[in-house]
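The values are calculated or read from the model by the stated rules, or taken from the named source; none is laboratory data. This structure is a prediction, so every number in the text was calculated from the model and none was measured. Cβ placement follows ideal geometry from the backbone for every residue including glycine, while neighbour counts extend to all protein chains displayed. Heavy atoms of the whole protein, side chains included, go into the accessibility calculation; ligands, DNA and RNA do not. Shrake-Rupley method; radii C 1.70, N 1.55, O 1.52, S 1.80 Å.
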Amino acid sequence: MPLSGADKRRCLAALDVLETKKLYFDWSPNWASIHDGNTSQLGGLKPGSREDSAAPKLRWVGLFNAGSNKRIQPPPLVEASFPAGTVPTTEEVVVALRAAVNAA
């Protein structure tokens, strides 16, 4: 689904903040919040991650709207995947999500 101009700007601003952090990922089969993704600094967005439970077991990261409880609210506004077993760095995640925002 295409992002509105306002959502694109909000996502890009959040990614500018995230690239200054060291993020910690949870590779469970359900979307989970990424540790050190401070919602208050991200314009109401929150990063999340998950790993497919079935082959090819891609690893996914996404940017979500956060609810009043600061929990992620699926579906993600944008998402990007990495090959199975890959542990992406914060920089790789930001680059992949920035590409997804620009393509949306």
Counted residues, the stretch 1-43 - those being modelled with pLDDT of 90 or more, open to solvent by 30 Å² or more (accessible area, probe 1.4 Å), of a type outside the set (S, T, N, Q) and outside any loop (DSSP other than H, G, I, E, B): 11
TRP27 more than 21 Å from ALA104 (Cα to Cα) and in contact (Cβ under 8 Å) with a residue 24 or more places away in the chain: yes
Inter-residue pairs, beta-carbon under 8 Å, first closer than 17 Å to PRO75 by Cβ and in the stretch 3-22, second loosely packed, with under 13 Cβ neighbours inside 10 Å, 6+ apart: LYS8/ASN102
Selection from the stretch 44-64 of residues that are within 20 Å of ASP7 (Cα to Cα) and either touching a residue at least 40 places away in the same chain (Cβ under 8 Å) or surrounded by fewer than 16 Cβ atoms within 10 Å (Cβ to Cβ) (or both): GLY44, PRO47, LEU63
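Among the listed residues ALA55, ALA104, identify the single one that is of a type in the set (A, V, I, L, M) and out of contact with any Pro (no Cβ under 8 Å at 6 or more places or on another chain). Explain how you work it out, then say what you get.
Working: ALA104 fails: out of contact with any Pro (no Cβ under 8 Å at 6 or more places or on another chain).
From the options ALA55, ALA104, the qualifying one is ALA55.
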Selection count where residues are within 17 Å of GLN73 (Cβ to Cβ) and among the small types (Gly, Ala, Ser), scope the stretch 23-56: 8
Residue in the stretch 85-99 that is among the charged types (D, E, K, R), in a loop (DSSP other than H, G, I, E, B) and open to solvent by 60 Å² or more (accessible area, probe 1.4 Å) present: no
The stretch 65-104, residues that are within 13 Å of SER49 (Cα to Cα), touching a Gly at 6+ places or on another chain (Cβ under 7 Å) and in contact (Cβ under 8 Å) with a residue 12 or more places away in the chain: ILE72, PRO76, VAL78, GLU79
Single condition VAL78 does not satisfy, out of (1) over 9 Å from the mean Cα position of the chain (by Cα); (2) in a strand (DSSP E or B); (3) aliphatic (A, V, I, L, M): (1)
